[in-house]
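A.B. asks: Starting off with a structure, shown below.
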2 protein chains.
Amino acid sequence: MAVDSPHGLQILAVQGIPEVKPGDRISDLITSNACLEEGDVVVVTQKIVSKAEGRLVNINAEDLNARRRLIESESVRVLRQRGELQIVETRHGFICANAGIDFSNVPAGQAALLPIDPDRSARRIRYEILARTSLNVAIIISDTFGRTWRRGVVDVAIGCAGVAAVADLRGTYDALGRPLLATEICVADEIAAAAELVMGKASRSPVAIIRGVDKAFMRESSVASEIIRPASEDLFR
Amino acid sequence: MAVDSPHGLQILAVQGIPEVKPGDRISDLITSNACLEEGDVVVVTQKIVSKAEGRLVNINAEDLNARRRLIESESVRVLRQRGELQIVETRHGFICANAGIDFSNVPAGQAALLPIDPDRSARRIRYEILARTSLNVAIIISDTFGRTWRRGVVDVAIGCAGVAAVADLRGTYDALGRPLLATEICVADEIAAAAELVMGKASRSPVAIIRGVDKAFMRESSVASEIIRPASEDLFR
């Protein structure tokens, strides 16, 4: 199974990942179920990382006050509130609905919080795979976020290792030889979005492989330092 | 060149598309340069659609007052302004920087405006390809947008035909048999983001093919009716 050309990518869902429990090693689950290749980007949904890291709390999801307290305990600021929906800033700096807490696809009576440091989670998976297989792969931890002015949710990167979070193409030129502007491309979010297309929400495919990503994008990186917009740049606080 | 499994996608850049001029037929440029297959989703960057539709205006891009007047003439509302950057609502209802007007990758002294009705542009390309080749393909017109709280830009859909803009998975169940919430997935934006990974900003690949998209997503659709968030739902106006 080879990439057809330098201009083609493959997106493959990894099948056979079992239900993840606290203490499981995500890197083991990946290498046991996927034939990785050098340079692959492996996208892992936040939910199995949170489960493996034991980020589960007991809660009655029907108790709206308990939900709200849990969301606020994971937040540094509530930006907007409408009914059950709270748009908050998490401790990581993500601005998202309900602090990224998952009440679905977790055992009844439990909720899954975001990993404490998703970049660190990604680095750990990356280095464990490197140690076990000698393969240099990149890892993106993905989660599902809404957007301010667009309906529907998309998957974005909340942690990454080994692939550019934002690729800075400033200083390069367009097809007509003029300097490119507005060209800091959020490669990690684009890869997370692409992966979602094969993972689906209801299927048991919490891991996908993106094969053929431009080698120029492979480098040390982090979502925290590259993607999270500092308050000084924020026009919509 | 076949998809490896029902759980895999291919993303292929279409090479050889020449510089596009007003009056060119995008459907001709696609069918002359790509081996399409039934069910493909073809992503076309806004810029070549705008050029083909003659949405070019003469402007001195260094004249900041002229730039601002042009941006405002394409807008119904300015949300924020900082230096040269204006976040506006376009006549279509998109909230984006500088009304989506392109000053790069167009001939010097010109700027490219967004298509007047990108969903209609997508439908036209789709039906012309269907008429010529009898192949049922979907079309997404993509453009590059910033995000409120995340650095870096990503490609999103500004027009589509033949593939769900937003796929509504409510009423379906998670892997544990519990109803899924927050599951209106913006498939069209995820596909546009995936396509950007092979198109690059500087390469001459304004068209990409996504092969293997779930057939359940193939239906009549539009960005205007499915993705643009109505003012009544907007928490950040």
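A.B. asks: Go through A:V207, A:V198 for me and flag whichever is hydrophobic (A, V, I, L, M, F, W, C), under 13 Å from the mean Cα position of the chain (by Cα) and either open to solvent by 30 Å² or more (accessible area, probe 1.4 Å) or closer than 22 Å to B:I210 by Cα (or both).
C.D. replies: Sole residue among the options that is hydrophobic (A, V, I, L, M, F, W, C), under 13 Å from the mean Cα position of the chain (by Cα) and either open to solvent by 30 Å² or more (accessible area, probe 1.4 Å) or closer than 22 Å to B:I210 by Cα (or both): A:V207.
A.B. asks: Which residues, taken from segment A:30-44, are in contact with a helix residue (DSSP H, G or I) (Cβ under 9 Å, 6 or more places away or on another chain) and either open to solvent by 30 Å² or more (accessible area, probe 1.4 Å) or assigned by TED's automatic domain parsing to the domain that holds A:D102 (or both)?
C.D. replies: A:T31
A.B. asks: Can you say whether A:Q10 is surrounded by 14 or more Cβ atoms within 10 Å (Cβ to Cβ), modelled with pLDDT of 95 or more and more than 12 Å from chain B (Cβ to nearest Cβ), as far as the supplied structure shows?
C.D. replies: Against the criterion (surrounded by 14 or more Cβ atoms within 10 Å (Cβ to Cβ), modelled with pLDDT of 95 or more and more than 12 Å from chain B (Cβ to nearest Cβ)), A:Q10 does not qualify.
A.B. asks: Does segment A:155-168 hold any residues that are touching a Phe, Trp or Tyr at 6+ places or on another chain (Cβ under 7 Å) and at the interface with another protein chain (Cβ under 9 Å from one of its Cβ atoms), and which are they?
C.D. replies: A:V156, A:A167
A.B. asks: Moving on to the next point. Of all residues in segment A:129-154 being open to solvent by 40 Å² or more (accessible area, probe 1.4 Å) and not in a loop (DSSP other than H, G, I, E, B), which is nearest to the other protein chains (Cβ to nearest Cβ)?
C.D. replies: Ranking the candidates gives A:T144 first.
A.B. asks: Could you tell me whether A:I227 is surrounded by 15 or more Cβ atoms within 10 Å (Cβ to Cβ) and in contact (Cβ under 8 Å) with a residue 40 or more places away in the chain?
C.D. replies: yes
A.B. asks: Collect the residues in segment A:193-237 that are assigned to a loop (DSSP other than H, G, I, E, B), of a type in the set (G, A, S) and within 10 Å of another protein chain (Cβ to nearest Cβ), keeping them in residue-number order.
C.D. replies: Listed by number, the residues that qualify are A:G200, A:A202, A:S203, A:S205, A:G212.
A.B. asks: Moving on. Restricting attention to segment B:76-100, and to residues there that are open to solvent by less than 20 Å² (accessible area, probe 1.4 Å) and in contact with a helix residue (DSSP H, G or I) (Cβ under 6 Å, 6 or more places away or on another chain), which single residue is farthest from B:R151 (Cα to Cα)?
C.D. replies: This residue is B:T90.
A.B. asks: Across segment B:68-117, what is the total count of residues that are closer than 14 Å to B:E53 by Cα and within 14 Å of chain A (Cβ to nearest Cβ)?
C.D. replies: Of the residues in that region, 3 qualify.
A.B. asks: Could you please let me know if A:A122 is of a type in the set (A, V, I, L, M), buried (at least 17 other Cβ atoms within 10 Å of the Cβ) and either assigned to a helix (DSSP H, G or I) or at positive phi (or both)?
C.D. replies: Judged against the criteria, A:A122 is a match.
A.B. asks: For the condition among the aliphatic types (A, V, I, L, M) and either over 15 Å from B:G8 (Cα atoms) or at pLDDT below 95 (or both), what is the one hit in A:V49, A:V41?
C.D. replies: Values: A:V41 fails: either over 15 Å from B:G8 (Cα atoms) or at pLDDT below 95 (or both).
Of the residues listed, the single one that is among the aliphatic types (A, V, I, L, M) and either over 15 Å from B:G8 (Cα atoms) or at pLDDT below 95 (or both) is A:V49.
The values are calculated or read from the model by the stated rules, or taken from the named source; none is laboratory data. None of the values given here were measured: they were computed from a predicted structure. In this analysis, Cβ positions are derived from the backbone assuming ideal geometry, glycine residues included, and neighbour counts consider all displayed protein chains. Quick note on the areas: whole protein, heavy atoms, side chains included, nothing else; ligands and nucleic acids left out. Shrake-Rupley method; radii C 1.70, N 1.55, O 1.52, S 1.80 Å.
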